[in-house]
1. Given (1) within 16 Å of ligand 2 (Cβ to nearest atom); (2) crowded, with 23+ Cβ neighbours inside 10 Å; (3) within 21 Å of residue 454 (Cα to Cα), where does residue 702 come up short, assuming only one miss?
2. From the residues in the range 749-762 that are touching a strand residue (DSSP E or B) at 6+ places or on another chain (Cβ under 7 Å) and within 18 Å of residue 509 (Cβ to Cβ), which one is farthest from ligand 2 (Cβ to nearest atom)?
3. Would you point out the residue of the range 751-766, among those that are in contact with a helix residue (DSSP H, G or I) (Cβ under 9 Å, 6 or more places away or on another chain) and in contact (Cβ under 8 Å) with a residue 24 or more places away in the chain, that is nearest to residue 686 (Cα to Cα)?
4. Does residue 740 fit the bill of being within 21 Å of residue 578 (Cα to Cα) and touching a residue at least 60 places away in the same chain (Cβ under 8 Å)?
5. Looking only at helices (runs of 4 or more DSSP H) that fall completely inside the range 565-656, which ones have 1 or more residues that are closer than 29 Å to residue 694 by Cβ?
6. Within 28 Å of residue 497 (Cβ to Cβ), within 14 Å of ligand 2 (Cβ to nearest atom) and in contact with a helix residue (DSSP H, G or I) (Cβ under 6 Å, 6 or more places away or on another chain): is that true of residue 738 in this structure?
7. Got a number for residues in the range 586-607 being more than 18 Å from residue 544 (Cα to Cα), touching a residue at least 12 places away in the same chain (Cβ under 8 Å) and more than 14 Å from ligand 1 (Cβ to nearest atom)?
8. Would you check which residues across the range 735-766 are under 33 Å from the mean Cα position of the chain (by Cα), part of a helix (DSSP H, G or I) and either modelled with pLDDT under 95 or closer than 17 Å to residue 479 by Cα (or both) and list them?
Ligand SMILES: CC(C)(COP(=O)([O-])OP(=O)([O-])OC[C@H]1O[C@@H](n2cnc3c(N)ncnc32)[C@H](O)[C@@H]1OP(=O)([O-])[O-])[C@@H](O)C(=O)NCCC(=O)NCCSC(=O)C[C@@](C)(O)CC(=O)[O-]
Ligand SMILES: NC(=O)C1=CN([C@@H]2O[C@H](COP(=O)(O)OP(=O)(O)OC[C@H]3O[C@@H](n4cnc5c(N)ncnc54)[C@H](OP(=O)(O)O)[C@@H]3O)[C@@H](O)[C@H]2O)C=CC1
C-alpha cells in the first residue's frame, strides 16, 4: 500500500499544475451541475417549537464551541512547530477545502444558508490539520527541488494508507447517523460525511500538488533567504507510521460497518421511505404558526450566537493580551522537538518541578522588549551605566557584533548564566548559519554555576550521553553498581556479564603506588650544569627544601620524589606528588612552578623553558607512565571457577588462557604496544570517566593495563585473572566531578567529594573500582572473542536500530 501511495504522491508533486487544474475544473463542474430544485417547502408555522427545540440548540451550540476550540487548538499546535510555511500551507488547505465543501454542500444537499452554517462547523470539527502539517514537514526537510518531490512521495507513502483507512472508517461510522430516520440527525451526518470526504480528496489531490509548487516557487525566488525553514531533519517518521494492530482493527470495523450500511440501505429501503413520507407529512401538518414560536426561535438563535461570540472573543483576547508570544517563539527556537514532545508526557509532579525551575530562571531574566532595538549609542550608554542585563538579546548581540562586548564574557555581562548561553547560541546560529542544528542541542535546566570558571568556556549547551549501569561488582567483599556512560552498544552488556562471572569469587584489589606528576623542561649553558643540578636535587637536604616549597602551595599535595633525566644541556625533571582525593594536575602545576623558582635561586643560569616538558607525561602515550606509574597504580585479581567460565562466559579456562597469551601478550608485542597488553581497558575506563566527571583526555595513560590469565587449581580448570593498571589518573574532587550528574554517579559508588577522615581514600577507592571493572570487561570480551560471539553480539546491541530502519526502508 505504501508503495502505491508513494508513487501517487510522487505523481502529484511532480505534476502540480496538472493536478491543481484538474481539481479546480472538477470543482467548477460540480458547481455548475444543474440540479432540479424542488420548491422549498412552505414553512410550517407550528413547527418552530419542534425544529428549534432547546435540546437541538444546546447540542448545536456545544458542537460549534467544540469546533472553534478544536480549530484554535490545531492552530496552536501548528504554531508550536515553529514554521510560518507550515502555518501558511495549512491555512491554504483549510481555505480551499472549505470552498470545495461549501460549494458541494450547497449544490448537492440543496440546503439553505442557516444549515450551511452548521455544516461549516462540522467541517471545522472534522478537519485534521496535523496530517497536512506533517506532509508539509516532510516536504520542508528537502534541500533541493528533486528532493521535495521525493519527500512528498515519502510523506504520502507514510500518511496515505492511514488517512485512507481513517476516512473509510470515519465515513462509515458517521454514515450510521444517516440511517437514523431522524431528519435533523441525518442531515448533520451527511454534513459530517461530506466533510470527511472533501478533506480526504483535497489532501490527496490539491494539497500535495500545491505544496510542491509553493516550495518550488519559494526556492526559485529565494524566499527562504539564507535561512532554511526551521524543521528538524529528523522528522519523527516513526511516530507517523500507523500501528499495524490499530490498522487491522479499523479494517475489520470498516468491513462490519459496510455490511450494516448495505443491509440498511437495500433491505430496509421501502420501510425507510415510508417512514420518511410519514415523517414529512407529520412535519407539514404540525402545529400552527404562533408569535410565541417565532419568539422562541429568535431567542434560541440569539442565545447560541451569544455563546459562540463570547467564546471567539475570549480566545482572541487571550491570544492577543495574555499569551507571551516571545515565550512561544522562544520555545519554538530553543526546544528540540523531542523536548517539546517530552513535555507533553511529563507527569504532573514533574511538570510542577519544571515549572519551579523555569520560574527561577524567568524571575532572573527581566522581561525585555525584543521587538524594538535601540540604536548603538543608546545601548552602549545603558551597558555602561546599568550593564547588559538591561538590554534585549538583540541589543546584546549588537554590542558583540560591534566588538564592544566579547562573546565569551556574555554570562558575566548579562548577569544571568542561562541567558548568556541562550544569546551565544543565537549568535552562533546566525554566524555558522546552522539554525536547525541547534534544535537538538539542549541548554535549559542546567546548573551553569558549576560550569562557568570551572569546566567549560563559550558554553552553548550540553551533550546528553546515555548512562548505563553494570553490576553488582563484588570488590573486596563489597558490592558496587558501576555507572558507565557510553554510546557503544554492547559495552555495558559485556561489563555486566563480567561482573556476573566474578560475582561468587569476588575481586581483590591493591593500590601499589600513588603519585601525580608534572615534568618541566629546563635548559643550561652546558651539560655540566645540567648534571650538577641532577646531583644537587638528589641530596636529601636539598630535596626537603624543594619539597617544603612545593607543599606550601596546597593543603593536600605532598611531593614524594623528583626523578630527572639529562638530554644534552636540557634537563627534564619529574615531580611526583600525592594529591589527596583530587586527580591533581592543577595542584602539581602550582607546586612545581613554585619549586622550580626555588631551584632557580641556586642556579640562576637555569632557563625554565616550560612547566610541562612532556616528561610528565600528560595526555600522550608514553612509556614513562607505563614504567614508573602516574596517578594511582592499581592491581586486581580474581579466581573464576571452571563452572562459571563455562556457564557464564560459555568458554573454558584453557581456551581463555591460550587466547590471552596469543592476543594480549604476543599480539601486543608484535604491534609494539606500550601499556596495551589488554583487550579493551580503554572502553571501561572512558565510560566510567565520562560518568564520574574525570578529564576524558586522561583515558590515554589511565587505560594502560596488562591482563594476565593462568590456569588455576589442582586440575587447572579454574581461571586466575589479574589486571595491572599503573597509571589511573583519577579524582573525586575538582574538575568535572563537581557537576551535579557526575557527582551523583560518584555518590552511587560512595566516593563523592573529599574523604574528610582520610584524604585520598575516595580517589583510591574509585581507582580500584575502575581496575576491577576493567577485569570484568576483559573476561567477557575475551570469552566473546574465544567463542566467535563478537560480531553477533555487536550486531544485536550496536546495530539493532539501523538494521530495523533499513529493513523498514526496504519494505516501503
Ligand atoms: C586562557 C588563555 C586563552 C588566556 O590567554 P590571554 O592571551 O591572556 O587572553 P586574552 O584575554 O588576552 O584574550 C586573547 C584571546 O583568547 C581568547 N579568550 C581569552 N579568554 C577567553 C575565555 N574566557 N573564553 C573564550 N575565549 C577566551 C579570545 O579569543 C581572546 O581574543 P579576543 O576575542 O578577546 O580578541 C591562555 O592563557 C591559554 O591558552 N592558556 C592555556 C590553557 C590550556 O591550553 N589548557 C589546556 C589544559 S592543560 C592540559 O590539559 C595538558 C597539559 C598541559 O598537561 C599537557 C602538557 O603536558 O603540556
Ligand atoms: N593545569 C594543568 O596542567 C592541567 C589541568 N587539568 C585539569 O585540572 C583539573 C583537575 O585539577 P586538580 O588539581 O585535580 O583539581 P583542582 O584544581 O580542583 O584542585 C583540587 C582542589 O580541591 C581542594 N581539596 C579539598 N579537599 C581535598 C582533598 N581531600 N583532596 C585533594 N584536594 C582537595 C584542593 O585544595 P588545595 O587548594 O589546598 O590544594 C584544591 O583546591 C581538571 O579540570 C583537569 O581537566 C588537566 C590536565 C592538566
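1. Among (1) within 16 Å of ligand 2 (Cβ to nearest atom); (2) crowded, with 23+ Cβ neighbours inside 10 Å; (3) within 21 Å of residue 454 (Cα to Cα), the lone unmet condition for residue 702 is (3).
2. Per the stated criteria, the residue is 749.
3. Per the criteria, the residue is 766.
4. no
5. Ranges flagged: 585-602, 623-628.
6. no
7. Of the residues in that region, 3 qualify.
8. Listed by number, the residues that qualify are 745, 746, 747, 748, 766.
The values are calculated or read from the model by the stated rules, or taken from the named source; none is laboratory data. If you're wondering where the values come from, they're calculated on a predicted model, not measured in any experiment. Please note: Cβ atoms are built from the backbone with ideal geometry, for glycine as well, and neighbour counts cover all protein chains shown.
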